[in-house]
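A short write-up of the structure that comes next.
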Amino acid sequence: MTNSVSIAVTNARVLTLNPPGTGDGPRRGADLSELGILDRGWILVREGRIADLGRGTPPTFAPEIRVINAQGRVVMPALVDCHTHACFLGDRNDEFEARLAGASYLEILAAGGGIMSTVRSVRAASEPELVDALRRRLEQTARLGTGTIEVKSGYGLDPETELKMLRAIRTAAERSPQIVVPTFLGAHALDSDAEDPAHAVERIIAEALPAAAAAFPGIICDAYCEEGAWSLSDCRRLFEAAIRLGCPVRVHTDQFNCLGMTRLAIELGARSVDHLEATTTEDLQHLAASATIGVLLPSSGFSLDDRYAPGRELVDLGGAIAIASNLNPGSAPSPSLTFAMALACRKCRLRPAEAITAATFNAACVLGLQDEVGSLEVGKRADLLLLDTEDERSLGVEIAGPGPVAVMLEGRWFHTGWPADPS
């Protein structure tokens, strides 16, 4: 999508997320709190890209440029949600009530519910039905400020359905103003409906992964390593095969039990390790010293068991962190990344500025898109948010708020609530 209209936003508190001296990699330590703020800043957008920006009195703009006075409000990069399971059909309302009655997530999974419940709905769905459902959720996330979103497969668990999901994600991406990044998650659970679950694992490694890599070159390969799900040894075989096929790797690790996956992921050069609620202090130190990014998913802890990743400890050790919504029908039924940010401040003890960096620039690093999104720099996509506040710390303080008053995606206003018609 391109835009022939030029737009200038003036009189704003601009968070560029591009402070001097921070480099191109994920931010760590004190750099997490450096937001590259331009007080009384301005931004010029042309053809869907940031053409110029600065502090103080803006230049005299040509008459055809539409000028928006932000009246001191915060303007910042659109959010980057680097971990979601947004492509699904069906619901898990019965399981929610079961959890209220005392059943644990792993107990529900062992009984054939949880992920398998959604797998059955996805297997029965047509590809167009998956596209329509995903497009609705993408629009919800965009209205809440997400400009770039990762969407995993993983509710197929067989080669045919996994590829159906990836095609649906690609089709929805082509119809969305957001950047939508597909991820192959064939190793999401053990297929308890299969006659031979062990054979189903082999099919994911030997059939589904090569097919996904051929149809989507360079696609990220993910897995869920947990008791009752994929084992450490099977994850190793999957990831070694993925690396041979040129696919980066990520992993769900240490959500309920520490099985050694975090160490293995670092050894294999994983882009990220996600969850970390059960990570040991020793593994946390190992992670902090590595290039792998720890992705915090606090909406899961809020929804399931009030357990959260040790985000403060990882930051203080010098580790790189990101925050994601983990949008899914079971453990994190929330499209709001700002809600996850507010939780990360309260439950993972991040400072608001750290949470902002973790949900923008660092999340873009997880997806390998930091040269395109995650900060406001000349030449990057004009994905930006106008907040109804003059203090960005509100993103950490406010709980389940209405979201930004205006969202721009690739230079076009996607959603506006103030002014009534900024375009």
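Restricted to segment 165-191, and to residues there that are part of a helix (DSSP H, G or I) and small (Gly, Ala, Ser), the residue that is nearest to Glu127 (Cα to Cα) is Ala168. Note on segment 344-375: residues that are under 13 Å from Ala309 (Cα atoms) and under 15 Å from the mean Cα position of the chain (by Cα) amount to 1.
Of the residues Arg143, Arg123, Arg137, the single one that is surrounded by fewer than 23 Cβ atoms within 10 Å (Cβ to Cβ), in the same structural domain as Ala208 (by TED's automatic domain parsing), in contact (Cβ under 8 Å) with a residue 24 or more places away in the chain and farther than 30 Å from Leu395 by Cα is Arg123.
Here Gly403, Gly368, Gly319 are screened, and the one residue that is buried (at least 16 other Cβ atoms within 10 Å of the Cβ), at positive phi and of a type in the set (Gly, Ala, Ser) is Gly403. Inspection of segment 179-187 identifies no residue that is within 23 Å of Pro248 (Cβ to Cβ), among the hydrophobic types (A, V, I, L, M, F, W, C), without any contact (Cβ under 8 Å) to a residue 24 or more places away in the chain and out of contact with any helix residue (DSSP H, G or I) (no Cβ under 6 Å at 6 or more places or on another chain). Within segment 98-118, identify whether any single residue is farther than 27 Å from Glu377 by Cβ, touching a helix residue (DSSP H, G or I) at 6+ places or on another chain (Cβ under 6 Å), of a type in the set (Val, Ile, Thr) and surrounded by 14 or more Cβ atoms within 10 Å (Cβ to Cβ), and answer yes or no. Yes, that holds for at least one residue.
The set of residues in segment 78-111 that are closer than 23 Å to Val151 by Cβ and part of a helix (DSSP H, G or I) comprises Asn93, Glu95, Phe96, Tyr105, Leu109. So is Asp421 modelled with pLDDT under 95 and of a type in the set (Asp, Glu) or not? When the stated conditions are applied, Asp421 passes them. Could you figure out which of (1) on the phi > 0 side of the Ramachandran plot; (2) modelled with pLDDT under 95 isn't true of Asp305? For Asp305, the exception is condition (1). Would you check if there is a residue in segment 310-331 being at pLDDT below 95 and small (Gly, Ala, Ser)? Checked against the condition, which is being at pLDDT below 95 and small (Gly, Ala, Ser), segment 310-331 yields at least one hit.
Applying the condition of being crowded, with 19+ Cβ neighbours inside 10 Å and within 12 Å of Val5 (Cα to Cα) to segment 39-62 and asking which residue is farthest from the chain's Cα centre (by Cα) yields Leu44.
Within the option set Asp24, Asp94, being within 30 Å of Cys221 (Cα to Cα) and surrounded by fewer than 17 Cβ atoms within 10 Å (Cβ to Cβ) holds for one residue only, Asp24.
The values are calculated or read from the model by the stated rules, or taken from the named source; none is laboratory data. None of the values given here were measured: they were computed from a predicted structure. Using ideal geometry, Cβ is built from the backbone for each residue, glycine included, and neighbour counts are taken over all protein chains shown.
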